[in-house]
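The values are calculated or read from the model by the stated rules, or taken from the named source; none is laboratory data. Quantities reported herein were computed from a predicted structural model and do not represent experimental measurements. Cβ: placed from backbone, ideal geometry, glycine included. Neighbour counts: every protein chain shown.
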Amino acid sequence: MPASKSDELKEDLKELKQLLSEASRHRVKDLLSLEIRKVETELNKAVVEESIDKNNPETSKLTATKCYEVKLNTYAWDQSDNYVKIFVSLNKVQDLPSDRIYCSFTERSMELNVKNLEGKSYVLPIMNLLDPINPGKSHWKVKTDKVVVFLAKKVVGKTWTHITGVEKREHESKTPKMGADDDAMAANPSDGLMSVLKQLYETGDDNMKRTIAQAWTQSQDQQMRGRAPNLGFD
């Protein structure tokens, strides 16, 4: 009888851990640790799926039929001192047997799986979490038309500004910078404001440019004396 997928993964995991115990180079240890986490995630999924097939013949029939996989990319989130909570909306998810819904965790990732919900299987992978989590304390709950995933913060009380590091970098790249010389800006706030307005104008869309240009024109019209500074707007 051929070995099951979970048995194969267990053997892979055993050998990887043996290699890790023998490794001496820091980079090699990091690479092996990363691969171990990946295999552990695959193993968890395989064990759950094999358990479903073994204990629920009806589910096995559903698995044999064509079932489309849908990759989710939208969710809401909130946080407390202890958890970051991910809210995933799925109609009628509460009607599924509990063994068709599971989530795997590593320190920097999570993956929610919902199997055979009205002919579709849903997966929500979130990689590169902003801060590390505690996989052992992370869990999920099924509620009416949604699943809530609780990511246990490794640093309790720390506020997350974003879910992933990628989201944070994208947000920072779009945020106007006030300039390198903060002292000079503090000494002359109007110059700092003009710099921000100019950057907004240069990077904004057509509506933003029209709004700023209109406001600037109105400001010039209201000048009773002197000459308004040139922002260099086109």
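Remarks
- Filter pass, ARG27 being exposed (fewer than 11 other Cβ atoms within 10 Å of the Cβ), within 28 Å of the chain's Cα centre (by Cα) and either basic (Lys, Arg) or under 21 Å from GLY136 (Cβ atoms) (or both): yes
- Test: ILE86 is at pLDDT 95 or above and not charged (D, E, K, R): yes
- Subset of the stretch 142-169 (residues that are among the small types (Gly, Ala, Ser) and outside any loop (DSSP other than H, G, I, E, B)): ALA152, GLY165
- Condition check for ASP234: modelled with pLDDT under 65 and either assigned to a helix (DSSP H, G or I) or in the same structural domain as LYS92 (by TED's automatic domain parsing) (or both): no
- Looking at ASP131, ASP99, just one residue is under 24 Å from CYS67 (Cβ atoms) and outside any strand (DSSP E or B), and that residue is ASP99.
- Scanning the stretch 86-105 for residues that are in contact with a Leu (Cβ under 9 Å, 6 or more places away or on another chain) and surrounded by 14 or more Cβ atoms within 10 Å (Cβ to Cβ) yields ILE86, VAL88, LEU90, VAL93, LEU96, ARG100, ILE101, TYR102, CYS103, SER104, PHE105.
- Of everything in the stretch 68-83 that is in contact with a Lys or Arg (Cβ under 7 Å, 6 or more places away or on another chain) and not aliphatic (A, V, I, L, M), the residue that is modelled with the lowest pLDDT is TYR68.
Here's the yes/no breakdown for (1) touching a Gly at 6+ places or on another chain (Cβ under 7 Å); (2) modelled with pLDDT of 90 or more; (3) among the aliphatic types (A, V, I, L, M); (4) assigned to a helix (DSSP H, G or I):
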| site | (1), (2), (3), (4) |
| --- | --- |
| GLU111 | no, yes, no, no |
| SER173 | no, no, no, yes |
| ALA184 | no, no, yes, yes |
| ASP191 | no, no, no, yes |
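- Number of the exception - ALA3 against (1) more than 28 Å from the chain's Cα centre (by Cα); (2) assigned to a helix (DSSP H, G or I): (2)
Table: residues versus (1) in contact (Cβ under 8 Å) with a residue 24 or more places away in the chain; (2) out of contact with any His (no Cβ under 6 Å at 6 or more places or on another chain); (3) of a type outside the set (A, V, I, L, M).
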residue	(1), (2), (3)
PHE87	yes, yes, yes
LYS92	yes, yes, yes
GLU107	yes, yes, yes
LYS120	yes, yes, yes
ILE126	yes, yes, no
LYS153	yes, yes, yes
THR164	yes, yes, yes
GLU172	no, yes, yes
THR175	no, yes, yes
